[in-house]
1. How do the peptides 376-385, 459-468 rank, highest first, by the average count of neighbouring beta carbon atoms within 10 Å per residue?
2. Starting from the Cα gyration tensor of the range 1-99, take the square roots of the eigenvalues, sort them a ≥ b ≥ c, and report rounded, prolate or oblate (rounded when a/c is under 1.5, otherwise prolate if a/b is larger than b/c, else oblate).
3. Highest mean first, how do 292-300, 424-432 rank when packing is the count of other Cβ atoms within 10 Å averaged over residues?
4. At a probe size of 1.4 Å, how large is the accessible area of residue 199, to the nearest 10 Å²?
5. Per-residue counts of other Cβ atoms within 10 Å, averaged by peptide: what ranking do you get for 480-489, 365-374, highest first?
6. Please work out which option in (1) 1.03; (2) 0.99; (3) 1.12 gives Cα Rg over 2.2 N^0.38 Å calculated from these coordinates, and answer with its label.
7. In whole angstrom, how far apart do the alpha carbon centroids of the range 431-474 and the range 308-336 sit?
8. Please give the net charge around residue 125, taking every other residue with its beta carbon less than 10 angstrom from that of residue 125, where Lys and Arg add +1 and Asp and Glu add -1.
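The values are calculated or read from the model by the stated rules, or taken from the named source; none is laboratory data. If you're wondering where the values come from, they're calculated on a predicted model, not measured in any experiment. Counting neighbours? That spans all protein chains shown, and the Cβs are built from the backbone with ideal geometry, glycine included. Keep in mind that these areas ignore ligands, DNA and RNA; they rest on the heavy atoms of the full protein, side chains included. Shrake-Rupley method; radii C 1.70, N 1.55, O 1.52, S 1.80 Å.
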Amino acid sequence: MNNNEKETNHETDETLTTRQGHPVTNNQNIRTVSNRGPATLENYDFIEKISHFDRERIPERVVHARGAGAHGYFEATGMAGDEPVSQYTRAKLFQEKGKKTPVFVRFSSVIHGGHSPETLRDPRGFATKFYTEDGNWDLVGNNLKVFFIRDAMKFPDMVHAFKPDPLTNIQDAERFFDFCANSPESFHMVTFLYSPYGIPANYRQMQGSGVNTYKWVNENGEGVLVKYHWEPKQGIKNLTQKEAEEIQAKNFNHATQDLYDAIEEGNYPEWDFYVQIMSDDDHPELDFDPLDDTKLWPEDQFPWKHVGKMVLNKNPEDYFNEVEQAAFGTGVLVDGLDFSDDKMLQGRTFSYSDTQRYRVGANYLQLPINAPKKQAQTNQRGGAMSYYVDKAPGQNPHINYEPSDLGGLKEAKQTGKEHTPMVQGHLVRESIERTNNTKQAGNTYREFEKWEQDELIFNLVGDLSTCAKVIQDKMIALAEEADKEYGRRLREGLANAKQETGKHKGRPLGDKDGDDAPKNAENMGHDADRY
């Protein structure tokens, strides 16, 4: 190196780089205005990373590949709890008591492929498309109300770790816990996932959540933070690992069949819809950041407010056209709904719609399952699989731009006041200040019933017993930090477990005795003549 040159980073043969060869000096945080966000568009490292990630599979979804869906309607109460909903949002679908909005819901498992068993330990997707009079609103969430990570920069790494090993093509619990042990914010989600909540009994008796923090905006342009919750009127039912294995031995499509059969029989599943509401500031009185999607908002401080119900009453007429090609995006909002500065939400908002344009095509919104019920009128033209033009009645077909005095489309007049939150701070790549990674995991553990605690420890010990000791020690430390009993039971369970650590044998989550299966299949197999 020339003496006049100053070394700004140090590279080795193991240095992570971008596809352009640039050394990556911060692979933990996107660039944001202050450590809480919002994000900035010039996040080149992140955009390259997430855009490539969105194109890693074709045509199957990278995540949420296994899915089932149904049509129905959402019926509003006109209220948010005991208050008029208009106090908080001007979104039209919520304003009138009894107002019905058509919906399509896609339930899914997350990590595994399109024909994987529906009994595997995995989060479940809960995505709802509202066909409102103002256009579509997509609420894209999960059954569990928290998530593994709080910064979108880590999303591709997380999914890579949870997906099958790139060498063996078998999911490996050691890879899963290697990521989680080194991402302590994941411990709350791990606590839920390894409890019975990690294997819902079916889709009808499963909760749903928007997971991320959003905003509601009223007629005056005033915004509040909101969390969304679906609660099944059928009750909540989960499975133990043993029960799931027994069901899987008989039927690995049981949840899809359950949903389809229930609707065919007229046993229409219903969910109550609730929101939690919080003023739009950083709430220094809390020991967590309200934009952190690894946290729950305490119900005693932020009560659930009932805003309506959803009924699913019609099965798809064609699985591929409706369930497989259904495309959702967290950026699909209508007037009166808005984004918060939640860094995971902002990363998802780019990624989801980008994925659909790649997976289904540039004109995926022309497909009936994705098209709004109102007429779309745009100046967008061409692209693969375009089969009609989004023009208005009487629009001059020569004019596909705006502004124009020659019969082109015109801007809408906005009557509600624009929501204009104050944004101030230095552009940084930093984690939020109030990480508090384990406190709520301890609260969750203590709120579990004893059998749920027992199942959690049993499941964690089963999978962690195959992991390297350094991973076990980190997970035990997180459990001890969350709750002394939680940590003690995990430590004792691992001490008494059969240790087969660090072999990269590719044992999927919950596959306690699977290592013997290949040899057993050979020994149990019956000889046959060639033909």
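1. 459-468, 376-385
2. Note, shape of the range 1-99 comes out oblate.
3. Values: 292-300: 18.8, 424-432: 13.7.
The packing order, highest mean first, is 292-300, 424-432.
4. Estimated to the nearest 10 Å², residue 199 gives 0 Å².
5. On the way: 480-489: 18.4, 365-374: 16.2.
Going by the mean number of other Cβ atoms within 10 Å, highest first, we get 480-489, 365-374.
6. Only one option fits the structure, namely (1).
7. A separation of 34 Å, based on Cα centres.
8. Here the charged neighbours net out to +3.
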